[in-house]
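What follows is one structure encoded as structure tokens, with my remarks underneath.
The values are calculated or read from the model by the stated rules, or taken from the named source; none is laboratory data. Model, not experiment: these values are computed from the prediction. Neighbour counts are summed over all protein chains in view; Cβ atoms, including those assigned to glycine, are modelled from backbone coordinates with ideal geometry.
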Amino acid sequence: MPTDEIRDTSEITLPGIAASPGIAHGQVFLHVQNDLELPAHDIDPAQRGEETARFERALIATRLQVQRTKAEVEKNLGADEARIFDAHLLVLEDQALISETLRELETSGHNIERCFHRVAQRYIAAFETIEDEYLRERAGDIRDVAQRLLQNLLGQAAQSLGELAKGRVVVAGDITPSEAAGLDRSEALAIVTDTGSKTSHAVIVARSMRVPAVVGARDLTKRVRNGDWVLVDGYEGKVILHPAEQTLFRYGKIRLEKKNIELRLLEASRQPAVTLDGVTVALRANIEQAGETKLVQEFHGDGVGLFRTEFLFLSAPRVPSEDEQYAAYRAAAETLAPAPVVIRTLDLGGDKPMPGGAHLFARESNPFLGHRAIRFCLDQPAIFKDQLRAILRASAHGKVRLMYPMISGREELARANAVLAECRAELTAKGVAFDATMPVGTMIEIPSAALTADLLAQDCEFFSVGTNDLIQYLLAIDRVNDRIAHLYEPTHPAVIRTLRHIVTEAHRFGRKVSVCGEMAGDPVYAALLLGLGVDELSMTPPLLPAVKFAVRAMTLADARQLAEDTLKLTSAKESQSLCENFYRARVKVE
Ligand code: PEP
Ligand code: MG
């Protein structure tokens, strides 16, 4: 008897980690990521004709897909962005690549997938060693197209996750940041993953898309099937499989209550972010794409405190040019002027490898401790300088600030600043306009940077504390590992003491401190951060109203007392309770 017929479909509640608020009810789209497994077998000379015909059909199918994607990108992002697909079409028309594959088929006696893969790998290796940067980048195009073509040869759908997720609850082992970037316009109902944590980048994207998400649902992918009905509770971190009528009814009421609260908060967020004792606090937004400036306005953010520029790179098949980047940065700066836009230079690597950049990033056993962010940029001056020039040029069109991620100490900051000085000189020599007074800051997210805050404060104009990474490195807790997520404690005494140290040193040198990690978007921690002396908070736009509400319900004097009290405590749990009690005693959304 097929197992389908005896399958138990009674309601089951599975716990996970609440990652993005909201409730969704819908059918599952099970997203399975597996590397292409290439069949390898010998073929009979009589089968060569059929193998050649399969190859030709796959070439045509791939060409059509690339043309379709190109047209879509052109419509959504413009002709410049779409031009990169011309390079993909050229690869598919490359006579040398095609005839070499057919020669391989004749001489090796192997199946066509194996022959094409072998020839494509030879091409990629040859392009990767070329001095000329433009030609070297063609290796990425060949890799991308070869992958699509092999998928077509194997009869696998090459649709993007975004297309497949529409109107569904996406259930996956994990979602890479580049897949998350592709989910942007997908209208997915919710996202649930077996692994991950509140600060993994796919979750950060889900929050800014206002898509409910639950992570760390362990073996959910093994328990559900495509088309199963599930209810996702992104507030409490629960997934209810095969929900019963009463459960749906109960959640319908919860959804209505939560919606009402969100509307009240949004309404209240038209008011300025001023504490009860009259102190104005800058509440800014974190964005991943220039288009998200619409959200910043919708949620009344005071500009952007963190523009994660790597998402421009994650959603593109290859490194975006200086002009492409300039257009995005300028659009954000112009839209939000006179409010500031803090543009962070590239933070690729770690949990954000670039799909089209496999030639730039080696496999690493400890990616979070590896060749990421500023380390990568300083080793790739051409890529870094393109970005710095693009940011400088955008600074002529608004209030742009620039900051470097993952700075570990003064020498690294000096090296980055030296490259920036070169870019300034180049633009000046060409008579290109930029804001010569554009403030330059550094993120504090590595313990060594926190401990040398006094030195860094002398070489930059502001700090932005990336608590997602800072907590990960201070407590040695992998930020995307759900098994140790309970040990990831923002109120650990080491975190509170480190924050105090950073603020004290920054203020000693007249520098302002912002916090732009996820901790800044949790209203429960607003008083602690402000009480420790943090000047600005930056968060995913939909979280702005709740944090503003908390700011408007407290006095800075009380917040300072709270911070002093937590500094005397010895455990994360005690400080957490103190923050929660402080919040509950003041914040009441009726
Ligand atoms: C952080 O580490 O807190 C941060 C804001 O940067 P990201 O989450 O992009 O690593
Ligand atoms: Mg970081």
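Within the stretch 237-258, the presence of at least one residue that is out of contact with any helix residue (DSSP H, G or I) (no Cβ under 9 Å at 6 or more places or on another chain), away from ligand 2 (no atom under 16 Å from the Cβ), under 18 Å from ALA550 (Cα atoms) and modelled with pLDDT under 95 is confirmed. Can you find even one residue in the stretch 369-376 that is more than 24 Å from ILE204 (Cα to Cα), within 16 Å of ligand 1 (Cβ to nearest atom) and either of a type outside the set (Phe, Trp, Tyr) or under 20 Å from the mean Cα position of the chain (by Cα) (or both)? Looking for residues that are more than 24 Å from ILE204 (Cα to Cα), within 16 Å of ligand 1 (Cβ to nearest atom) and either of a type outside the set (Phe, Trp, Tyr) or under 20 Å from the mean Cα position of the chain (by Cα) (or both), one finds none in the stretch 369-376, hence no. Among the listed residues LEU283, LEU183, LEU266, which satisfies the condition of being in contact with a Lys or Arg (Cβ under 8 Å, 6 or more places away or on another chain) and under 27 Å from ASN468 (Cα atoms)? LEU283 is the lone residue from the list that is in contact with a Lys or Arg (Cβ under 8 Å, 6 or more places away or on another chain) and under 27 Å from ASN468 (Cα atoms).
Each residue in the stretch 579-589 was checked for being in a helix (DSSP H, G or I) and either among the acidic types (Asp, Glu) or touching a residue at least 24 places away in the same chain (Cβ under 8 Å) (or both), and 5 pass. Screening THR491 against (1) within 14 Å of ligand 1 (Cβ to nearest atom); (2) part of a loop (DSSP other than H, G, I, E, B); (3) hydroxyl-bearing (Ser, Thr, Tyr) leaves a single unmet condition, (1).
Suppose the filter is without any contact (Cβ under 8 Å) to a residue 40 or more places away in the chain, surrounded by 22 or more Cβ atoms within 10 Å (Cβ to Cβ) and within 15 Å of the chain's Cα centre (by Cα); does ALA206 pass it?
When the stated conditions are applied, ALA206 does not pass them.
With respect to being closer than 19 Å to TYR488 by Cβ and touching a residue at least 12 places away in the same chain (Cβ under 8 Å), LEU562 falls outside the description.
Quick grid of which residues meet (1) farther than 27 Å from ASN481 by Cβ; (2) crowded, with 18+ Cβ neighbours inside 10 Å:
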position	(1), (2)
VAL341	yes, yes
LYS352	no, yes
ALA362	no, no
PRO381	yes, no
ASP386	yes, yes
PRO405	no, yes
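GLU489 meets the conditions (1) within 16 Å of ligand 2 (Cβ to nearest atom); (2) within 22 Å of the chain's Cα centre (by Cα) in every case but one. The failed one is (1). Against the numbered list (1) among the polar types (S, T, N, Q); (2) buried (at least 20 other Cβ atoms within 10 Å of the Cβ); (3) more than 13 Å from ligand 1 (Cβ to nearest atom); (4) under 21 Å from the mean Cα position of the chain (by Cα), ASN481 comes up short only at (2). Looking across the stretch 260-297, just one residue is modelled with pLDDT of 95 or more and acidic (Asp, Glu), and that is ASP277. In this structure, GLU106 does not qualify as modelled with pLDDT under 90 and not assigned by TED's automatic domain parsing to the domain that holds GLU292.
Considering the stretch 402-466, the qualifying helices (runs of 4 or more DSSP H), each wholly inside and each with 3 or more residues that are under 25 Å from the mean Cα position of the chain (by Cα) and more than 16 Å from ligand 1 (Cβ to nearest atom), run over 410-430.
Residues that are part of a loop (DSSP other than H, G, I, E, B) and surrounded by 12 or more Cβ atoms within 10 Å (Cβ to Cβ) within the stretch 98-136 comprise GLY109, ASN111, ILE130, listed in sequence order.
For the stretch 304-352, name all the residues that are within 16 Å of ligand 1 (Cβ to nearest atom) and among the charged types (D, E, K, R).
Of the stretch 304-352, the ones within 16 Å of ligand 1 (Cβ to nearest atom) are 304-315, 341-352.
Listed by number, the residues that qualify are ARG308, GLU310, ARG344, ASP347, ASP351, LYS352.
Is the stretch 369-385 home to any residue that is among the polar types (S, T, N, Q) and either in contact (Cβ under 8 Å) with a residue 40 or more places away in the chain or within 16 Å of ligand 2 (Cβ to nearest atom) (or both)?
No, the stretch 369-385 contains no residue that is among the polar types (S, T, N, Q) and either in contact (Cβ under 8 Å) with a residue 40 or more places away in the chain or within 16 Å of ligand 2 (Cβ to nearest atom) (or both).
Of all residues being within 16 Å of ligand 2 (Cβ to nearest atom) and basic (Lys, Arg) in the stretch 340-368, which is farthest from the chain's Cα centre (by Cα)? Just the residue, please. Of everything passing the filter in the stretch 340-368, ARG344 is farthest from the chain's Cα centre (by Cα).
Looking only at residues in the stretch 160-192 that are in a helix (DSSP H, G or I) and out of contact with any helix residue (DSSP H, G or I) (no Cβ under 8 Å at 6 or more places or on another chain), the one that is modelled with the highest pLDDT is ALA165.
Okay, residues lined up against (1) more than 22 Å from the chain's Cα centre (by Cα); (2) modelled with pLDDT of 85 or more:
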residue: ILE130; (1), (2): yes, no
residue: ASP141; (1), (2): yes, no
residue: ALA158; (1), (2): yes, no
residue: THR199; (1), (2): no, no
residue: LYS222; (1), (2): yes, yes
residue: GLY234; (1), (2): no, yes
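Yes/no matrix, rows are residues, columns are (1) surrounded by fewer than 22 Cβ atoms within 10 Å (Cβ to Cβ); (2) out of contact with any Lys or Arg (no Cβ under 8 Å at 6 or more places or on another chain); (3) closer than 28 Å to PRO212 by Cα:
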{"position": "GLY531", "(1), (2), (3)": "no, no, no"}
{"position": "LEU544", "(1), (2), (3)": "no, yes, yes"}
{"position": "LEU556", "(1), (2), (3)": "yes, yes, no"}
{"position": "ARG560", "(1), (2), (3)": "yes, yes, no"}
{"position": "ASP565", "(1), (2), (3)": "yes, yes, no"}
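Here GLY227 fulfils each of the conditions (1) assigned to a helix (DSSP H, G or I); (2) small (Gly, Ala, Ser); (3) touching a residue at least 12 places away in the same chain (Cβ under 8 Å) apart from (1).
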